[in-house]
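Beneath this line is the structure, given in structure tokens, with notes to follow.
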Amino acid sequence: MTEEQREIFNRSCDQAANGNPLAAEFIGRWLCYFRSIEKLAQMEQCEPEKFLNVLAETNLVYSCPYYTQNAAFLTTSVAQMLNDFGDCLAWRAAGEDWQKRMAETFYHAGETMVLQVAVLEGGFSLMRAISPRLREAVQQCHVDISASQS
Amino acid sequence: MTDDFINLICAGNRRAQEFIGLWGQYLRAVDNLIDGDAPWTAENVLNCFACGAAMYSHPFYQSNKASLQMVILVTTNTYADSVKWEKSPELWKRQWADVLRHADGNVMSAVTLICSGWPTLRSISAPFMAAAYIGHKDRHGVPE
């Protein structure tokens with residue numbers, strides 16, 4: 001991620017929290033947590049210690065005060081993010097171009113949480129204000145990583 | 001675990017019963033991946049974390065988070081020690097691992113305390129641990 005992308009991304013996260021420190025804490029934890037899941041799900045094998053560390057992260061994320069306050073709103077979204085990421089991985093290896101394109105979009109499923117928090121903290125208008133720039137930043141970052149790996 | 005047993009420790013609390021069901025699903029998903037009974041695939045890994053999300057998002061967990069969070073975290077740590085030691089060259093570590101693997105019983109104990117109190121916990125704790133240990137021993141033997 002370039003400095004500029006990182007700045008846009010961080011600013012979007014700050015804006016989504018809308019001054020609520022609990023929301024900011026949750027977003028930070030969630031993004032780290034989802035990165036961990038992304039890594040685990042793409043590994044061929046995993047040492048138990050590494051896996052169990054992510055289970056501990058699971059405990060901490062879902063015990064954040066912000067999650068507790070908003071669990072009823074966020075539970076379904078969490079399942080959808082995991083599901084989208086699962087589709088992404090399944091389709092990345094698929095033969096059809098459209099599946100690969102959709103997979104690239106779904107790759108950023110975890111970042112949807114930033115938008116969910118934005119809705120809770122500032123309503124639809126805040127989400128709309130953040131969404132396009134956030135997607136641009138994460139998409140560009142992903143393209144950069146993919147290019148560096150190919 | 002029988003329905004009667006779950007009913008006893010939950011004192012008929014439906015939310016607690018649901019939570020125990022979700023805890024069981026989560027445990028199985030974790031165990032299967034650690035033991036290699038389920039292959040390490042993206043589907044299985046994501047399914048495991050979806051089970052975790054469902055369990056932690058359940059109203060029983062969220063409303064008893066103050067009691068349950070540390071218990072689950074410490075249980076995870078104990079289980080991690082068990083996994084680390086189960087193949088140790090030192091016999092005592094393998095023997096400890098064989099006991100520590102049943103750390104998940106602590107979560108059952110916590111639910112029992114929350115729903116039914118200390119006397120019920122004292123009445124079920126030792127038989128529960130014995131059943132867990134013997135069940136595992138019968139299937140897998142003991143470290144030698």
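Sorting A:Trp98, B:Trp23 by solvent-accessible area of protein heavy atoms yields A:Trp98, B:Trp23, largest first, with a 1.4 Å probe. Placing pseudo-labels 7 Å out from each Cα toward the beta carbon at A:Gln69 and B:Glu43 gives an inter-label distance of 4.0 nm. For B:Lys93, the lysines whose Cα comes closer than 26 Å to its Cα, not counting residues fewer than 8 places off in the same chain, are A:Lys50, B:Lys84, B:Lys137.
Which trypsin sites (Lys or Arg not before Pro) from region B:57-104 combine a DSSP loop assignment with at most 10 other Cβ atoms within 10 Å?
B:Lys87
Residues of region B:76-102 buried by at least 50 Å² of accessible area upon assembly of all protein chains, compared with the chain on its own (1.4 Å probe): B:Thr76.
With solvent modelled as a 1.4 Å probe, how much accessible area in total do chains A and B shield from it at their shared surface, in Å² to the nearest 100?
Result for this pair: about 2400 Å² buried.
Placing +1 on the Cβ of every Lys and Arg and -1 on the Cβ of every Asp and Glu, with no other charges, gives chain B a dipole of roughly 340 debye about its Cα centre. Largest accessible area first, the listed residues A:Glu38, B:Glu90 line up as B:Glu90, A:Glu38 when surface is computed with a 1.4 Å probe on the assembled protein chains. Along region B:123-130 the Karplus relation, 6.51 cos²θ - 1.76 cosθ + 1.60 evaluated at θ = phi - 60°, assigns HN-Hα couplings of 6, 9, 4, 5, x, 5, 5, 4 Hz to successive residues, with x for each Gly and Pro. For chain B, carbon and sulfur atoms together expose 56% of the accessible surface, with a 1.4 angstrom probe and every protein chain in place.
The mean count of C-beta atoms from other chains within 10 Å of the C-beta of residues in A:41-53, rounded to a whole number, is 4.
State whether chain A is rounded, prolate or oblate according to the following rule on the C-alpha gyration tensor (a ≥ b ≥ c being the square roots of its eigenvalues): a/c under 1.5 gives rounded; otherwise a/b larger than b/c gives prolate, and the remaining case gives oblate.
The shape class here is oblate.
Only protein atoms count toward the accessible area here, which uses a 1.4 Å probe; on chain A, the carbon and sulfur part of that area reaches 53 percent. Distance between the pseudo-spin-label points of B:His140 and B:Val74 (7 Å out from Cα toward the beta carbon): 2.3 nm. Per residue of peptide A:65-75, the mean number of Cβ atoms on other chains within 10 Å of the residue Cβ is 3. The long axis of helix B:42-57 is offset from the longest Cα principal axis of chain B by roughly 30 degrees.
The values are calculated or read from the model by the stated rules, or taken from the named source; none is laboratory data. Source: prediction; values computed, not measured. Ideal geometry is used to build each Cβ from the backbone, glycine not excepted, and the neighbour counts take in all protein chains shown. Each accessible area value is taken on the protein alone, full model and side chains, heavy atoms only, with ligands, DNA and RNA left out. Shrake-Rupley method; radii C 1.70, N 1.55, O 1.52, S 1.80 Å.
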